[in-house]
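J.: Once you've had a glance at the structure underneath, I'll fire off some questions.
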Amino acid sequence: MKISTRVGSLRGSATLAVTARAKTLRAEGRDVIGFGAGEPDFDTPASVKQAAWEALREGATKYAPTPGTPALREAVADRMRTHNGIECAASDVVVTVGAKHAAFEIMQCLVDPGDEVVVVTPAWLSYRPMVELAGGSVVECAAGLDQGFKATPERLKACLTERTTAVVLNSPCNPTGVAYSPEEMKALAMVVAEHRSAVLVSDEIYEDLIYPEIDPEAASFSPGSMPELAERTVTLNGLSKSMAMTGWRIGWAVAPGGGGVMAKAMTRLQSQMTSGIPTFLMPAAVRAIADQPSESARMREVFAGRARLVAQLLGDIPRFRVVPPSGAFYAFPDISACFGLRSPKGREVDSAGSFAEALLEESDVAVVAGDDFGEVARDHVRISFACSEEQIRTGVDRIARWVGALH
Ligand code: PLP
């Protein structure tokens with residue numbers, strides 16, 4: 001059967017592929033430690049499940065408004081105003097099938113063939129295919145380990161041209177776990193503000209998972225709250241990461257600029273794609289937003305402890321170089337000192353991909369190779385610590401032994 005050129009050359013998500021492989025090996029009886037999935041191991045709060053049950057019982061099973069019910073859009077707008085300082089109305093909000101679909105729609109709505117989108121890398125591996133499917137090209141603003149994985153205003157500025165349509169910033173960052181300070185974020189945002197027309201896409205999906213215990217400067221800041229950028233920022237967020245609701249597929253975009261043109265464009269597009277999230281999930285999402293402050297604070301505490309543990313354990317592996325994660329639930333060690341060596345079972349390790357594959361086959365630990373996170377990410381693997389401290393200790397111990405046995 002014919003497949004379009006566009007999709008024929010599309011790579012599937014490497015993180016989802018590793019997660020699926022780890023599940024298959026587990027089903028075969030292998031004791032695999034999964035550091036692959038970007039998914040909290042907590043259960044969704046009971047109050048949220050209850051709200052979904054009640055909505056189902058009350059018959060919320062018909063089509064709902066495409067961008068979300070008025071109650072849900074208002075709940076999101078209220079959170080964005082009070083929590084993020086972004087001036088917006090319910091009509092500026094579009095609720096999407098996860099933040100992933102919000103990002104996809106934004107690229108479809110913003111990018112024309114020939115347009116450039118600047119992405120600070122290492123970056124979430126879905127931005128590039130989203131830009132390319134829209135006909136644009138990605139310009140990587142590389143911020144490697146030696147820069148603490150942080151872009152500087154000078155480097156960002158050097159990436160902007162008259163073809164730049166959008167700049168994507170993501171703090172805390174997947175895959176590096178690095179969170180900018182508000183001052184650093186403001187300085188980067190000002191570079192976009194000074195460009196004549198570029199839109200800032202601020203992906204804040206991990207904003208509730210920041211660890212000042214590790215980096216006292218790290219804190220959440222929404223560039224959409226800056227008067228200079230209020231008209232030109234689209235802010236992404238959702239419930240997957242901070243409320244342990246990955247499988248619910250609930251995200252959103254808020255775009256107050258231009259008299260609501262972006263929200264209207266996304267809604268038109270969405271009306272031809274998903275028609276919005278399931279109706280009975282809308283009241284559950286309202287409940288989740290109400291409960292978020294206390295629930296995500298509880299999870300944040302646990303993640304902070306894990307972040308400290310991971311930084312310490314990975315820091316003790318002689319062949320690894322690590323930036324301690326100050327947000328999200330990822331560490332992104334440089335493993336290039338392992339290249340050119342052979343694994344205990346004789347496999348050649350010459351790339352992040354061969355490292356990850358051999359580690360999984362020989363030591364039953366799943367990590368994601370850095371390649372798809374950007375050019376500057378090639379010598380790295382992503383380790384997700386969204387699992388118990390016991391699993392972290394066991395998994396990192398296996399990694400340390402395996403890496404120690406490379407020869
Ligand atoms: N943005 C970033 C940076 C992510 O890491 C992810 C998920 O991994 C998403 C957006 C999408 O999250 P979801 O579609 O589950 O809401």
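The values are calculated or read from the model by the stated rules, or taken from the named source; none is laboratory data. Values in this document were obtained by computation on a predicted structure and should not be read as measured data. Cβ atoms come from the backbone with ideal geometry, glycine included; neighbour counts cover every protein chain shown. Just the protein is used for accessible areas: all its heavy atoms, side chains included, with ligands, DNA and RNA removed. Shrake-Rupley method; radii C 1.70, N 1.55, O 1.52, S 1.80 Å.
J.: Summarise the accessible area of segment 222-321 (1.4 Å probe, protein heavy atoms) by the percent that is carbon and sulfur. Don't skip to the answer; put the middle values down first.
T.: Values: 2130 of 3810 Å².
Exposed carbon and sulfur together represent 56 percent of the surface.
J.: Same structure again: Counting only DSSP beta bridges with both residues in the chain, what percent are antiparallel, rounded to the nearest 5? Write out the running numbers ahead of the final one.
T.: Working: 17 of 38 bridges.
About 45 percent, rounded to the nearest 5.
J.: Below 8 Å between Cα atoms, with a sequence gap of 6+, how large is the relative contact order for the chain in percent?
T.: Here the relative contact order equals 23 percent.
J.: Rolling a 1.4 angstrom probe over the protein chains, ignoring ligands and nucleic acids, what is the accessible area of Asp146 in square angstrom, nearest 10?
T.: Near enough 120 Å² of accessible area.
J.: Considering the options Ala369, Thr279, Ala358, tell which one lies farthest towards the positive end of the dipole of segment 256-407, charges being +1 on Lys and Arg and -1 on Asp and Glu at the Cβ, about the Cα centre.
T.: Thr279
J.: Protein chains only, probe 1.4 Å: how do His83, His101 rank by accessible area, largest first?
T.: Sorted by accessible area, descending: His83, His101.
J.: Ok, one more. For segment 19-175, which whole percent of the accessible surface, found with a 1.4 angstrom probe, sits on carbon and sulfur atoms? Kindly include the intermediate steps, with their values, before the conclusion.
T.: Details: 3490 of 6700 Å².
In segment 19-175, the share of accessible area belonging to carbon and sulfur is 52 percent.
J.: With +1 on the Cβ of every Lys and Arg and -1 on the Cβ of every Asp and Glu, and nothing else charged, how large is the dipole of segment 4-108 about its Cα centre, in debye rounded to the nearest 20?
T.: Approximately 440 debye in magnitude.
J.: Give me the distance between the Cα centres of segment 1-79 and segment 148-200, rounded to whole Å.
T.: Their Cα centres are 28 Å away from one another.
J.: Turning to a different aspect of this structure: Put a dot 7 Å past each Cα toward the Cβ at Leu341 and Arg155; how far apart are the dots in nm?
T.: Those two pseudo-labels are separated by 2.7 nm.
J.: So how do 361-370, 378-387 stack up, highest first, on mean other-Cβ count within 10 Å?
T.: The most tightly packed comes first, giving 378-387, 361-370.
J.: Which length gain, in nm to one decimal place, applies between Ala290 and Ala27 when the Cα-Cα distance is subtracted from 0.36 nm times their residue separation?
T.: 90.9 nm
J.: Accessible area, 1.4 Å probe, largest first: how do Glu184, Glu194, Glu295 sort?
T.: Ranking Glu184, Glu194, Glu295 by accessible area, largest first, yields Glu194, Glu184, Glu295.
J.: Something else: Which GluC sites (Glu not before Pro) from segment 1-106 combine a DSSP loop assignment with at most 11 other Cβ atoms within 10 Å?
T.: When the GluC sites (Glu not before Pro) of segment 1-106 are filtered for loop state and at most 11 Cβ neighbours within 10 Å, Glu28, Glu58 remain.
J.: Keeping all protein chains in place, calculate the accessible area per residue for the chain (probe 1.4 angstrom), answer in Å².
T.: Ligands and nucleic acids excluded, the figure is 41 Å² per residue.
J.: I've got another one for you. Given a Förster distance of 30 angstrom, what is the FRET efficiency for Val261 paired with Ser4, based on the Cβ-Cβ distance and rounded to 0.05?
T.: About 0.55, to the nearest 0.05.
J.: While we're looking at this one, here's another question. Anyone know which of Ala77, Ala311, Ala27 comes out most mobile in the 10 Å Cα GNM of the chain?
T.: Ala27
J.: Moving on. When the dipole is taken about the Cα centre of the chain, and only Lys, Arg (+1) and Asp, Glu (-1) are charged at their Cβ, what size is it in debye, to the nearest 20?
T.: Values: 41 positive and 50 negative charges, 193 e Å.
Dipole size: approximately 920 debye.
J.: Would you mind working out the magnitude of the charge dipole of segment 63-146 relative to its Cα centre, with +1 at each Lys and Arg C-beta and -1 at each Asp and Glu C-beta, to the nearest 20 Debye?
T.: The calculation lands at about 360 debye.
J.: What's the FRET efficiency of Arg401 with Lys62 using the Cβ-Cβ distance as r and R₀ = 56 Å, to the nearest 0.05?
T.: Between Arg401 and Lys62 the formula returns 0.50.
J.: Turning to a different aspect of this structure: Just need the relative contact order of segment 77-152 here, percent rounded to a whole number, with Cα pairs under 8 Å and 6+ apart.
T.: Relative contact order for segment 77-152 comes out at 24 percent.
J.: Still on this structure: Using Cα-Cα distances under 8 Å and only pairs 6 or more residues apart, what relative contact order does segment 222-318 have, in percent?
T.: Reported relative contact order: 21 percent.
J.: Next question, about the same structure. Accessible surface of Met273 in the full protein assembly, 1.4 angstrom probe, to the nearest 10 Å²?
T.: Its accessible surface works out to 90 Å², give or take rounding.
J.: Right, something else. May I ask for the angle, rounded to the nearest 10°, between helix 281-315 and the longest principal axis of the chain, with both axes built from Cα atoms and the value confined to 0 to 90°?
T.: On a 0 to 90 degree scale, this one is about 20.
J.: To continue, here is another question. Towards the positive end of the charge dipole of segment 153-214, with charges on Cβ (+1 Lys, Arg; -1 Asp, Glu), say which of Thr176, Val191, Thr164 has the farthest Cα.
T.: Thr164
J.: Return one number: the angle in degrees, 0 to 90 and rounded to the nearest 10, between the long axis of the Cα atoms of helix 352-363 and the longest principal axis of the Cα atoms of the chain.
T.: So the inclination is approximately 60 degrees.
J.: Sorting check: for 242-250, 128-136, 154-162, which peptide has the highest mean count of neighbouring beta carbons within 10 Å, and how do the rest follow?
T.: In decreasing order of mean packing, 242-250, 128-136, 154-162 become 242-250, 128-136, 154-162.
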